[in-house]
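Below is one structure, written out as structure tokens; the observations come after it.
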Amino acid sequence: MKQVTLNDTEALAIGAGILGTGGGGSTYLNRLRLDNEIRQRGRDVDIVQADDVPDGALVCAVGGMGAPTVSNEKLQAGNEIATALRALEDHLRRKIYAIVIGEIGGGNAIGPMVAALQCGLPVVDGDGMGRAFPELDMDTFMIYGLAPAPFVLADSHGNVAIFTRIASAKQAEEFARRLTIEMGGSAALVMPVMTGAELKATVIRDTVSLAKRIGDTVLDCRARSIEPAETVAELCNGRVLFSGKIIDVERRTVQGFARGKLIISAFDDFDKQLRIDFQNENLIARGNGQVVCAVPDLITLVSLDDGEAIGTESLRYGLRVAVLAMPAPKELKTPEALAVVGPRAFGYDLEFQPMAGDLL
């Protein structure tokens, strides 16, 4: 994949939504922004392979921080990431060679492309999560030892904060979360800065291309009037865990996160139910009291009508859904990664039992 054009954005948004496991922000809103940016500038988003980035070049990961329930309702200026990136360049007194998507899931896969067009930079075909996670220390860049500072936060009013030193990635999450709340619950994040050599050692490759393939699969299923869930699950080496109707949703915004649970009942048996716990993203799925899929493996709800992913901020009673379970990228299933993104990292007293296969 060499470019993202206007003809690609629908598929990309669909695929990023499915990889978002319920989080990552609205793909709809960010796709509108990307379409508008492509039209206004008269050019497409250039995509570069991680292995083609020079070892000594500087790249940085970018995205949005905050609860999806807030970012979907809060009016954005549209240039927050670009503002943060330019502030970082001024601080470093060096130019950034390319943008890396912080998380391929949800709107956070697309917002960086808007910034790339605004800044005249290419986007790396890869990211640090292979999905979406709720905390900024939960990416392969931090897990595998890159420095969290310097990093930048910017809000829709033009306010910019640069952290020049920070003790750890976990402390960066804590400080940035508090400041994001003060910035109104959502902010642009530029973090971390890395060389091309460090990128190659830590990035999850080809996830932009994967999102596009998933979206193309959904669009093809729609054109043939078939439900996409099974086909998408097969493409991603996963399976359909459950199909039914949402009968209960409990959701609240706490400390910058959308936290809660939902219950889905089978169409043919009301007592046959699946419960999913989430923190921005879907984390644990239980059937009959037994864990059937757990983070970091992917749990995504899609509409049975059109295969569109349903974010945790959009859950409501009565939706007819299929629940997809997909294996996480191999980079998220090492002992180092599971200490940060496994079930225990989210407070669940259980060992991670991986699905067969890898997403990539």
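Here's a check for you: in segment 298-321, which residue that is within 20 Å of the chain's Cα centre (by Cα) and assigned to a strand (DSSP E or B) is surrounded by the fewest Cβ atoms within 10 Å (Cβ to Cβ)?
As a first pass, look at segment 298-321 and keep what is within 20 Å of the chain's Cα centre (by Cα): 298-303, 307-315.
Next, from what is left, pick out any that are assigned to a strand (DSSP E or B): 298-303, 309.
Values: 298: 28, 299: 26, 300: 29, 301: 28, 302: 25, 303: 17, 309: 28.
Applying the filter and picking the extreme gives 303.
Considering only residues of segment 1-32 that are of a type in the set (A, V, I, L, M) and out of contact with any Gly (no Cβ under 9 Å at 6 or more places or on another chain), which is surrounded by the fewest Cβ atoms within 10 Å (Cβ to Cβ)? Break it down stepwise before answering.
Initially, segment 1-32 is screened for residues of a type in the set (A, V, I, L, M), giving 1, 4, 6, 11-14, 16, 18-19, 29, 32.
Still in the list and also out of contact with any Gly (no Cβ under 9 Å at 6 or more places or on another chain): 1, 4, 6, 32.
Numbers: 1: 16, 4: 23, 6: 11, 32: 14.
Ranking the qualifying residues of segment 1-32, first place goes to 6.
Looking at 35, 55, which is the one that is of a type in the set (D, E, K, R), modelled with pLDDT of 95 or more and either surrounded by fewer than 16 Cβ atoms within 10 Å (Cβ to Cβ) or within 14 Å of the chain's Cα centre (by Cα) (or both)?
Numbers: 35 fails: either surrounded by fewer than 16 Cβ atoms within 10 Å (Cβ to Cβ) or within 14 Å of the chain's Cα centre (by Cα) (or both).
Criteria check complete, one pass: 55.
Might you check whether a residue that is among the small types (Gly, Ala, Ser), free of Cβ contacts under 8 Å to residues at least 60 places away in the same chain and either closer than 19 Å to residue 25 by Cα or in the same structural domain as residue 78 (by TED's automatic domain parsing) (or both) occurs anywhere in segment 128-147?
Of segment 128-147, the ones among the small types (Gly, Ala, Ser) are 128, 130, 132, 145, 147.
Those left that are additionally free of Cβ contacts under 8 Å to residues at least 60 places away in the same chain: 145, 147.
Then keep just the ones that are either closer than 19 Å to residue 25 by Cα or in the same structural domain as residue 78 (by TED's automatic domain parsing) (or both); that gives 145, 147.
So far as segment 128-147 goes, yes, one or more of its residues are among the small types (Gly, Ala, Ser), free of Cβ contacts under 8 Å to residues at least 60 places away in the same chain and either closer than 19 Å to residue 25 by Cα or in the same structural domain as residue 78 (by TED's automatic domain parsing) (or both).
Please give the number of the condition residue 280 fails out of (1) surrounded by fewer than 22 Cβ atoms within 10 Å (Cβ to Cβ); (2) at pLDDT below 95.
With (1) surrounded by fewer than 22 Cβ atoms within 10 Å (Cβ to Cβ); (2) at pLDDT below 95 applied to residue 280, the lone miss is (1).
So, in segment 255-286, how many residues would count as being assigned to a strand (DSSP E or B) and under 22 Å from residue 131 (Cα atoms)?
Our first condition is that a residue be assigned to a strand (DSSP E or B); within segment 255-286, this holds for 257-265, 273-279, 281-286.
Filter again for under 22 Å from residue 131 (Cα atoms), leaving 257-262, 274-279, 281-286.
Qualifying residue count for the region: 18.
Only one of these conditions is not met by residue 232: (1) without any contact (Cβ under 8 Å) to a residue 60 or more places away in the chain; (2) under 14 Å from residue 324 (Cβ atoms). Which number is it?
The single condition residue 232 does not satisfy is (1).
The rows are residues; the columns are (1) under 17 Å from residue 205 (Cα atoms); (2) in a helix (DSSP H, G or I); (3) of a type in the set (S, T, N, Q).
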residue: 84; (1), (2), (3): no, yes, no
residue: 88; (1), (2), (3): no, yes, no
residue: 103; (1), (2), (3): yes, no, no
residue: 126; (1), (2), (3): yes, no, no
residue: 145; (1), (2), (3): no, no, no
residue: 156; (1), (2), (3): no, no, yes
residue: 162; (1), (2), (3): no, no, no
residue: 171; (1), (2), (3): no, yes, yes
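Failed condition for residue 324, given (1) out of contact with any Ser or Thr (no Cβ under 6 Å at 6 or more places or on another chain); (2) within 17 Å of residue 130 (Cα to Cα); (3) surrounded by 23 or more Cβ atoms within 10 Å (Cβ to Cβ), with all others met?
Of the numbered conditions (1) out of contact with any Ser or Thr (no Cβ under 6 Å at 6 or more places or on another chain); (2) within 17 Å of residue 130 (Cα to Cα); (3) surrounded by 23 or more Cβ atoms within 10 Å (Cβ to Cβ), the odd one out for residue 324 is (1).
What are the residues in segment 149-168 that are touching a helix residue (DSSP H, G or I) at 6+ places or on another chain (Cβ under 6 Å) and surrounded by 24 or more Cβ atoms within 10 Å (Cβ to Cβ), if any?
152, 153, 154
I need every pair where a residue in segment 296-314 that is assigned by TED's automatic domain parsing to the domain that holds residue 233 has its Cβ under 6 Å from the Cβ of a residue that is among the hydroxyl-bearing types (Ser, Thr, Tyr), sequence separation at least 6 or different chains.
298/21; 299/21; 300/21; 309/300; 313/69
The values are calculated or read from the model by the stated rules, or taken from the named source; none is laboratory data. Because the structure is predicted, anything quoted here is derived from the model rather than measured. Positions of Cβ are generated from backbone atoms using ideal geometry, with glycine treated the same way; all protein chains shown enter the neighbour counts.
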